[in-house]
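Take a look at the structure set out below.
The values are calculated or read from the model by the stated rules, or taken from the named source; none is laboratory data. A quick note: this is a predicted structure, and the numbers were derived from the prediction, not measured. A quick note on method: Cβ atoms are made from the backbone with ideal geometry, for glycine too, and the neighbour counts reach across all protein chains shown. Heads up: the accessible areas ignore ligands, DNA and RNA and are worked out on the full protein's heavy atoms, side chains in. Shrake-Rupley method; radii C 1.70, N 1.55, O 1.52, S 1.80 Å.
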Amino acid sequence: MLQKSFGIVLHSIKYNDVSNIVDIYTERSGRASFLVKLPRSKKATVKSVLFQPLSIIEFEADYRPTSNLHKMKEAKSFYPFSSLPYDPYKSAIALFIAEFLYRAVREEVENKPLFAYILHSIQWLDEQSKGFANFHLVFLMRLSRFLGLYPNLENYNNGDYFDLLNACFTAKKPFHSSFIQSDDASRLVNLMRMNYETMHLFAMSRVERNRCLLIIIDYYRLHLPEFPSLKSLDVLKELFD
């Protein structure tokens with residue numbers, strides 16, 4: 001059945017000489033995979049440039065209830081970017097966020113609040129000219145709410161540890177190894193106070209930012225089964241010195 005929808009590109013891989021398999025987080029049906037033919041004609045109704053990481057597209061596809069791979073018929077840009085693909089810092093962030101979502105978001109059901117959050121976040125990043133160095137940290141922490149993984153940040157006292165496994169602060173060192181020391185725990189508290197509009201007020205060095213990022217990824221890895229290493233992480237860690 002042909003359906004029109006729009007979505008956010010997460011991942012694209014070559015299938016054969018004329019087709020790619022593209023994973024998209026859609027407004028109507030959550031995560032979905034599409035077989036996309038990419039003819040070389042200038043008049044083609046689907047162009048490969050549309051499927052860059054985090055591209056926001058409007059498309060028509062043939063959905064089959066018995067298939068996990070749907071055929072895309074037409075596609076066009078829903079939100080043309082003004083800066084994201086052209087700024088090396090933003091494009092590295094986009095590559096990382098797209099890979100993270102590809103690994104973390106697996107539900108094939110409609111989730112409009114999550115879709116709206118991702119859409120708003122991408123558009124916000126595209127529109128900013130400065131002050132976005134902490135964007136990926138804030139994005140990942142707030143994403144945890146939509147995935148049911150938001151940590152319990154109440155009852156924090158100076159010097160507490162943070163138990164990554166049980167997602168809470170504790171005055172005593174846990175009996176397992178999945179926890180962070182008090183210095184890192186205090187950084188986590190500051191991180192949760194940030195939002196996109198205020199995060200530029202929190203000065204962080206590259207070392208501090210990378211440490212926070214590794215903690216967040218470790219947290220997700222503990223709570224999401226089979227969460228792999230991210231290929232885009234090394235590129236991102238080199239930025240924003």
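Below is a table of values for the structure above.
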{"quantity": "Scope segment 107-148; condition buried (at least 16 other Cβ atoms within 10 Å of the Cβ) and of a type in the set (A, V, I, L, M); matching residues", "calculated": "Leu114, Ile118, Leu119, Ile122, Leu125, Ala133, Leu137, Val138, Leu140, Met141, Leu143, Leu147"}
{"quantity": "Odd one out for Pro151, checked against (1) open to solvent by less than 40 Å² (accessible area, probe 1.4 Å); (2) at pLDDT 90 or above", "calculated": "(2)"}
{"quantity": "Residue identified as among the charged types (D, E, K, R) and either on the phi > 0 side of the Ramachandran plot or in contact (Cβ under 8 Å) with a residue 60 or more places away in the chain (or both) among Lys71, Lys90, Lys130, Lys76", "calculated": "Lys130"}
{"quantity": "Selected residue (only one of Phe96, Phe81 is over 30 Å from Asp184 (Cα atoms) and either buried (at least 17 other Cβ atoms within 10 Å of the Cβ) or not aromatic (Phe, Trp, Tyr) (or both))", "calculated": "Phe81"}
{"quantity": "Cβ-Cβ under 9 Å pairs, at least 6 apart or on other chains, segment 176-195 side surrounded by fewer than 16 Cβ atoms within 10 Å (Cβ to Cβ) and at pLDDT 90 or above, far side in a helix (DSSP H, G or I) and β-branched (Val, Ile, Thr)", "calculated": "Asn195/Val138"}
{"quantity": "So Phe34, is it open to solvent by less than 40 Å² (accessible area, probe 1.4 Å), touching a His at 6+ places or on another chain (Cβ under 9 Å), among the aromatic types (Phe, Trp, Tyr) and not in a strand (DSSP E or B)", "calculated": "no"}
{"quantity": "Matching helices (runs of 4 or more DSSP H) fully within segment 133-233 where at least 3 residues are more than 24 Å from Lys112 (Cα to Cα)", "calculated": "182-193, 206-223"}
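Here's the yes/no breakdown for (1) among the acidic types (Asp, Glu); (2) closer than 21 Å to Phe100 by Cβ; (3) touching a His at 6+ places or on another chain (Cβ under 6 Å):
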site	(1), (2), (3)
Gln181	no, no, no
Asp184	yes, yes, no
Glu208	yes, yes, no
Val235	no, yes, no
